[in-house]
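Data block below; observations after.
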C-alpha cells in the first residue's frame, strides 16, 4: 500500500478514535506524566532530592529544553530567510547582467 494511503488511513483512525474519547485530559495524562518524568529523571535520577526541589529543578530543565527548541527554530528561520534573500539577490543580479548584455548588443547593432 502506498505511504500516502497509509497516512490517510491512519489519520481517519485517529479522528475516529478522538471522536469516541469523552475525556481528552484523562486520555493524554500518561503522555504528559511521562514528559514531566523525563525532566525529573534528568535532574534527579537517584531521587535523592526532596520532591519540591526536584520539581523546581525539573521545571527549569523543561524550560531550558523548550527554550533551546525555540532558539533552534529561530536560527533555522533566519537561515532560511537569508537563503531566500540571497536567491532573490542572485536572480536580480542575473536579470541585471542580462539587461546589460542586451543593451550592449543593441548598441553594437545600432
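The values are calculated or read from the model by the stated rules, or taken from the named source; none is laboratory data. Since the model is a prediction, treat every value here as computed from it, not as a measurement. Please note: Cβ atoms are built from the backbone with ideal geometry, for glycine as well, and neighbour counts cover all protein chains shown.
Structure summary
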| read-out | value |
| --- | --- |
| Answer from 59, 29, 16, 5 - the residue that is part of a helix (DSSP H, G or I), without any contact (Cβ under 8 Å) to a residue 24 or more places away in the chain and in contact with a helix residue (DSSP H, G or I) (Cβ under 9 Å, 6 or more places away or on another chain) | 59 |
| Which listed residue, of 97, 107, 31, is loosely packed, with under 10 Cβ neighbours inside 10 Å and more than 23 Å from the chain's Cα centre (by Cα) | 107 |
| Residue selected from the stretch 18-28 under the condition surrounded by 10 or more Cβ atoms within 10 Å (Cβ to Cβ) and either over 23 Å from the mean Cα position of the chain (by Cα) or modelled with pLDDT under 95 (or both), by the criterion farthest from residue 66 (Cα to Cα) | 21 |
| One residue from 49, 71 being free of Cβ contacts under 8 Å to residues at least 12 places away in the same chain, in a loop (DSSP other than H, G, I, E, B) and either surrounded by 10 or more Cβ atoms within 10 Å (Cβ to Cβ) or under 23 Å from the mean Cα position of the chain (by Cα) (or both) | 49 |
